[in-house]
């Protein structure tokens, strides 16, 4: 689904991402772990085509990122939304931009509204919603066009423990027919939802491990993370 | 150019920025009240059924009004990070910039239509030159398009709408004063000619005098094209 080869991104003299390569397949959840400023967000922005790499190649189902927007669902960091829209207006806008036909859009609206349980807030403006509801609206918009690749930048940041659990359940459910990449600095979250973790530090991949392998090796993710990312 | 996404973006811009936002209504109301008030004052002072005093007000009046509606167009998207959503939708920078430009233009033209009752008043009170009125309105529309394209460019440079607002006003004020007689008269003739040609008011004045010179049309269209292109470049520079 997603192939990344030797990806490098520089901002002036700073190398934010340094020759990283990885893949993501349909049916798996890949976790990007790393301290703040490690390069997780930059990598996501490169994969979505928001930024262009200095070197390297990204293909999504064989297409370069800017031609594959319709295949990708992206929940950026801090869940930006158009606050003056109601959730219904916002979801319609995102759906129409993704060229869903009217019938398909109605079906998908019905699906995301039911699955994210946002039926009762559809006519309120987004600015009046609680953080948890806003996050659900953001996720619903990310999935309105049924993308094959889903990228989520710290999707549970700022949520209370119940809301975090709820979002994690949704992420697990998603992975059945999609490739999911999420960035987080909650190691417990990575352990509970990810199949594989990629630890990024100073723009480099410090480690890439399947969680089942770590279990077999009786290695702790917390210890591995702190060993690799200690300054 | 993807027309379908341009239309969806255009509808979103009009609805989001002008129909559900109080800014649009405040702008339209304030603009028409000030225009009508200034026009009526002049009407009785010069005792002539003419719209030219109104048209001569527009370059200065719009210089403050239009940056107020363009200041948010990109600055707000950057500040609230929604531009990350916008730029990862299946569309391009061209469509995004054009949708913002066209929606602001349509909205400003709509606000301008509020001055139509004044045309009716002038028509009833005297025998105005209808050709000049039509060319003047065309001039106003082109002037609005130029101000908006510049305003959008300044909005794309910053996250702060106030910086965008003040930047646009400063640029337009300098351009406005460059075209004024009292500035030009202090300069050598050849320089004054070149500088006056660069001022929007110089070209606009031809339209309000009932003339539509090709070179002025070219100037207006080039201005719009250049600033929209610069906005696209500015959006693409997010990589650096």
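May I ask for the angle, rounded to the nearest 10°, between helix A:102-115 and the longest principal axis of chain A, with both axes built from Cα atoms and the value confined to 0 to 90°? Once rounded, one gets 70 degrees. Where in the stretch B:220-234 does the label zone of residue B:106 land, with the point 7 angstrom along Cα→C-beta and an amide N cut-off under 20 Å? From the stretch B:220-234, the list is B:225, B:228. Summarising the label geometry, the points placed 7 Å from Cα in the beta-carbon direction at residue A:228 and residue B:225 lie 5.3 nm from one another. Legend: calculated FRET efficiency, residue B:45 to residue B:141, from the Cβ-Cβ distance at R0 = 30 Å, rounded to 0.05, equals 0.65. Rounded to 0.05, the FRET efficiency of the residue A:176 and residue B:114 pair, given R0 = 56 Å and the Cβ-Cβ distance, is 0.50. Exposure proxy for B:78, B:193: other Cβ atoms within 10 Å of each Cβ, ordered fewest to most, give B:193, B:78. When a/c is below 1.5 the answer is rounded, else prolate if a/b is larger than b/c, else oblate, so apply that to the stretch B:50-187 with a ≥ b ≥ c taken from the square roots of the Cα gyration tensor eigenvalues. Here the stretch B:50-187 falls in the oblate category. Computed on the Cα atoms alone, the convex hull of chain A gives a volume of 126 cubic angstrom per residue. Quick check: from the Cα gyration tensor, does the protein assembly as shown come out rounded (a/c under 1.5), prolate or oblate? Since a/c reaches 1.5 and a/b is larger than b/c, the shape of the protein assembly as shown is classed as prolate. Using only Cα atoms and rounding to the nearest 10 degrees, what angle (0 to 90) does helix A:161-174 make with the longest principal axis of chain A? So the helix axis and the longest Cα principal axis differ by about 90 degrees. Here the relative contact order of the stretch B:3-239, from alpha carbon pairs under 8 Å that lie six or more residues apart, stands at 27 percent. Placing dummy labels 7 Å off each Cα toward the beta-carbon, the span from residue A:210 to residue B:193 is 8.0 nm. Ordered by the count of other Cβ atoms within 10 Å of each Cβ, fewest first, B:71, B:114, A:97 give B:114, A:97, B:71. Helix B:214-236 and the long axis of chain B differ in direction by around 20°, with both axes built from C-alpha atoms.
Distance between the 7 Å Cα→Cβ label points at residue B:4 and residue A:106: 1.8 nm. Listing A:78, A:153 from fewest to most neighbouring C-beta atoms within 10 Å gives A:78, A:153. Mind running the shape call on the stretch A:170-218? Use the C-alpha gyration tensor, a ≥ b ≥ c as the square roots of the eigenvalues: rounded below 1.5 for a/c, prolate if a/b tops b/c, oblate otherwise. Oblate shape, in that a/c is at least 1.5 and b/c is the bigger or equal ratio.
Computed from the C-beta positions of residue B:177 and residue B:79 and an R0 of 25 Å, the FRET efficiency is 0.20 to the nearest 0.05. Three principal axis extents of the stretch B:3-239 based on alpha-carbon atoms, in descending order, are 57, 44, 31 Å.
Quick note: the coordinates plus some simple rules give every number you see, no bench work behind them. What you see is a predicted model, and the numbers here were worked out from it, not measured in a lab. Cβ coordinates were reconstructed from backbone atoms using ideal geometry, including for glycine residues, and neighbour counts include every protein chain displayed.
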